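First up is the structure itself, then whatever we jot down about it.
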Amino acid sequence: MELTAEIAAYRAGTGDPGRLVGEFRRAVLLVPLADDSAGGLMSAVSGGIRWLYAFTDEEAFARFVEARGEAAREWPYLAILGARLVDAVVPEVDGPAGIAVNVADEGGSMLFPPVAGIVPDGCAVDLRAVGDGEAA
């Protein structure tokens, strides 16, 4: 099953969290580049978490652009595996970071928060080192 189908199943209450995360990790996602001079990835901060925007396909990305009222300009993006996004990019973000997939799709969006099982343990906000590295 592809990521959008897993998201729909999960939102309907019939999905499996493990399958959802697995499809997310295998999916090639489109991540818009920030339009500032820093040259990073487009994101927003909410609740103390930096959410990187990612889209499952060009149509979902286009809905986001339309919702922002910015369809007239060019939108450069990076195509990246979900696994690479969480395993290599999230650890480079200053502070907790998660992935917001298809944010303009009211019934098809999904947040992948910075928790164990989604991001590397060292970036997971629900884990903290205790003694010999056990989770609290």
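Values in this text are rule-based calculations from the coordinates and carry no lab data. All values derive from a computational prediction rather than experimental measurement. Methodologically, a virtual Cβ is constructed for each residue, glycine included, from the backbone with ideal geometry; neighbour enumeration extends over all protein chains shown.
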(message) Compute the helix-to-body angle for 58-67: its Cα long axis versus the longest principal axis of the chain, expressed 0 to 90° and rounded to tens.
(response) 80 degrees
(request) Convert 37 °C to kelvin, take the viscosity as 0.692 mPa s, use the Kirkwood radius over C-alpha pairs of region 3-123 as Rh, and evaluate the Stokes-Einstein diffusion coefficient in µm²/s, rounded to a whole number. (result) 225 µm²/s
(message) I'd like the antiparallel share, as a percent to the nearest 5, of DSSP beta bridges with both residues in region 3-123.
(response) 70 percent
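How much net charge surrounds PHE55 when only other residues with a Cβ under 10 Å from its Cβ are counted (Lys, Arg +1; Asp, Glu -1)? Please list the in-between numbers first.
Numbers: positive: ARG63; negative: ASP57, GLU58, GLU59, ASP105.
That sum, taken over residues with Cβ under 10 Å, equals -3.
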(request) Lys and Arg at +1, Asp and Glu at -1: add these up for the other residues within a Cβ distance under 14 Å of GLU92 and post the number. (result) 0
(request) Could you grab the relative contact order for region 3-123? Cα pairs under 8 Å, six or more apart, rounded to a whole percent. (result) 26 percent
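State the three equivalent ellipsoid semi-axes of region 34-92, derived from the C-alpha gyration tensor as the square roots of 5 times its eigenvalues, in descending order and whole Å. Display every interim value, and only then the final one.
On the way: eigenvalues 82, 41, 29 Å².
The answer is 20, 14, 12 Å, longest axis first.
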